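The values are calculated or read from the model by the stated rules, or taken from the named source; none is laboratory data. Computed from a predicted model, the values in this text were never measured in an experiment. Methodologically, a virtual Cβ is constructed for each residue, glycine included, from the backbone with ideal geometry; neighbour enumeration extends over all protein chains shown. Surface areas here come from the heavy atoms of the whole protein model, side chains and all, with no ligands, DNA or RNA. Shrake-Rupley method; radii C 1.70, N 1.55, O 1.52, S 1.80 Å.
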Amino acid sequence: MAKACWPYFDPEYETLSARINPPRVSVDNISCRHCTVVKIDSVNKPGILLEVVQILTDLDFTITKAYISSDGGWFMDVFHVTDQQGKKITDGRTVDYIERALGPKGDAADGMKNCPGKRVGVHSVGNHTAIELVARDRPGLLSEISAVLADLQFNVAAAEVWTHNRRIACVLYVNDYSTNHAVHDLNRLSIMEEQLKHILRGSEDDDKVARTSFSLGFTHTDRRLHQMLFADRDYEGSGVTSEVDYPSSFKPKITVDRCEEKGYSVVSVQCKDRAKLMFDIVCTLTDMQYVVFHANISSNGPYASQEYFIRHMDGCTLDAEGEKERVTKCLEASIHRRVSEGLSLELCAKDRVGLLSEVTRILRENGLSVRRAGISTIGEEAVNVFYVRDTYGNPVDSKKIEALRREIGHTMMLNVKKDPGSAKASEAEAISGWAKTSFFFGNLLDKLLA
């Protein structure tokens with residue numbers, strides 16, 4: 001029998017170009033008076049823009065300007081960034097982290113795995129199990145979910161909750177309260193899954209109205225929430241956004257045109273500026289299988305203007321009107337998902353099993369509906385941020401806030417502020433509001449850079 005011979009293929013060939021031309025990263029605090037300029041030159045690869053924007057976003061930087069060019073085999077980006085207070089990035093540890101994360105070693109992924117709430121996956125956050133939930137939203141649903149977990153003796157160490165167009169998506173990181181480790185007992189996991197499905201379905205008999213799963217991937221949490229709501233087709237329907245929440249001057253204006261000369265489709269987005277806006281848009285375009293070749297990003301006061309030159313992964317442009325309409329709807333949904341009008345409640349307390357269940361129960365009993373939430377545990381302290389409205393979607397009455405203060409003020413610290421994402425918040429309020437939020441992320445950043 002003749003012996004078959006195959007040519008040898010070096011498994012490291014794929015990374016040869018990157019090793020010959022490693023990424024070059026520059027963090028410049030001299031060129032621009034008011035911001036830090038981050039420049040990245042590297043070999044182009046699929047998804048690289050999202051990776052870079054994700055790293056800058058996770059550091060809670062504000063991207064005031066950006067110039068993207070990745071036509072051909074090379075990727076060149078320039079980002080103008082500030083911290084949440086609008087100041088330059090001067091901390092030596094932060095600058096060093098940027099250079100390491102975006103540079104040749106690119107160890108950002110390893111650093112983020114130890115940071116709860118940043119990545120989804122059973123093993124992605126150490127001793128925690130990640131649970132993904134998608135369902136039709138209703139008042140008090142988060143309270144019911146957390147009550148089930150508390151009754152089953154699961155502790156919620158971190159969580160992210162988004163709602164949009166009457167749908168809710170959340171990623172929860174839980175562990176066993178007695179061991180503080182991930183749960184490996186299949187019987188307990190099965191019971192938890194069944195009870196959560198029952199709660200999510202509510203009075204509906206159709207299993208398709210809700211989904212519960214244990215995540216096995218290593219996807220960034222915010223990106224996963226976008227993916228979950230996108231798969232749930234939350235961008236369809238008329239939605240529940242009112243003119244009061246989004247006056248015409250702040251409504252996203254999205255157009256899709258064709259650049260005949262260069263063979264690109266040009267997606268133009270004009271809307272109210274906010275934190276993580278560029279990440280949300282790039283994330284959506286990437287997950288819809290579009291490649292960004294060039295982009296211009298700028299902000300002027302409370303407004304943002306972003307322009308993306310894109311093609312589909314197969315090289316085609318957006319020619320069909322139906323495809324253009326779908327991209328417009330999906331981008332508008334991605335912008336609205338993170339916007340939470342009204343008040344934000346920041347609660348700090350000593351962490352314990354059932355804390356989230358107790359807090360959400362109190363919110364529900366006081367007629368408050370959670371529109372978005374971020375749950376985190378730093379050492380022995382739990383930090384919970386809830387963006388709330390009343391059960392009818394209207395702004396919260398001040399009397400309800402005072403009643404809430406009286407009920408929980410003696411057991412935990414409560415900070416109430418107007419959400420900077422509200423269309424009624426002034427620019428000064430927005431700057432002040434994001435500055436106040438810094439205590440929530442600051443210690444996480446210190447752990448990440450340690």
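For the stretch 153-188, a residue qualifies if it is surrounded by fewer than 17 Cβ atoms within 10 Å (Cβ to Cβ) and of a type in the set (A, V, I, L, M, F, W, C), and exactly one does: 186.
Regarding residue 48, is this residue closer than 25 Å to residue 293 by Cα and at pLDDT 85 or above?
Details: closer than 25 Å to residue 293 by Cα: yes; at pLDDT 85 or above: yes.
When the stated conditions are applied, residue 48 passes them.
Of all the criteria given as (1) open to solvent by 10 Å² or more (accessible area, probe 1.4 Å); (2) assigned to a strand (DSSP E or B), the one not satisfied by residue 385 is (1). Inspect the stretch 43-64 for any residue being assigned to a helix (DSSP H, G or I) and open to solvent by 30 Å² or more (accessible area, probe 1.4 Å) and give the result as yes or no. Yes: the stretch 43-64 contains one or more residues that are assigned to a helix (DSSP H, G or I) and open to solvent by 30 Å² or more (accessible area, probe 1.4 Å). In the set (1) in contact with a helix residue (DSSP H, G or I) (Cβ under 6 Å, 6 or more places away or on another chain); (2) on the phi > 0 side of the Ramachandran plot; (3) not assigned by the TED database to the domain that holds residue 376, the condition left unmet by residue 330 is number (2). Residues in the stretch 189-207 that are open to solvent by 70 Å² or more (accessible area, probe 1.4 Å) and either among the charged types (D, E, K, R) or modelled with pLDDT under 90 (or both): 194, 203, 204, 205, 206, 207.
With respect to the conditions (1) free of Cβ contacts under 8 Å to residues at least 60 places away in the same chain; (2) buried (at least 21 other Cβ atoms within 10 Å of the Cβ), residue 334 falls short on a single one, namely (1).
A single member of 398, 357 is without any contact (Cβ under 8 Å) to a residue 40 or more places away in the chain, open to solvent by 20 Å² or more (accessible area, probe 1.4 Å), among the polar types (S, T, N, Q) and not assigned by the TED database to the domain that holds residue 287, and it is 398.
Which ones in the stretch 302-320 are outside any strand (DSSP E or B) and either touching a helix residue (DSSP H, G or I) at 6+ places or on another chain (Cβ under 6 Å) or modelled with pLDDT of 95 or more (or both)? Before you say what the answer is, go through the steps one by one.
Of the stretch 302-320, the ones outside any strand (DSSP E or B) are 302, 313-320.
Matches in the stretch 302-320: 302, 318.
Quick check on the stretch 83-101. Is at least one of its residues modelled with pLDDT of 90 or more, open to solvent by less than 40 Å² (accessible area, probe 1.4 Å), of a type in the set (Phe, Trp, Tyr) and over 29 Å from residue 298 (Cα atoms)? No, the stretch 83-101 has no match at all.
For the stretch 102-151, a residue qualifies if it is within 19 Å of the chain's Cα centre (by Cα), in a helix (DSSP H, G or I) and either closer than 20 Å to residue 190 by Cα or at pLDDT 90 or above (or both), and exactly one does: 142. Between 266, 282, the distinction of being over 25 Å from residue 59 (Cα atoms) and open to solvent by less than 70 Å² (accessible area, probe 1.4 Å) belongs to 266 only.
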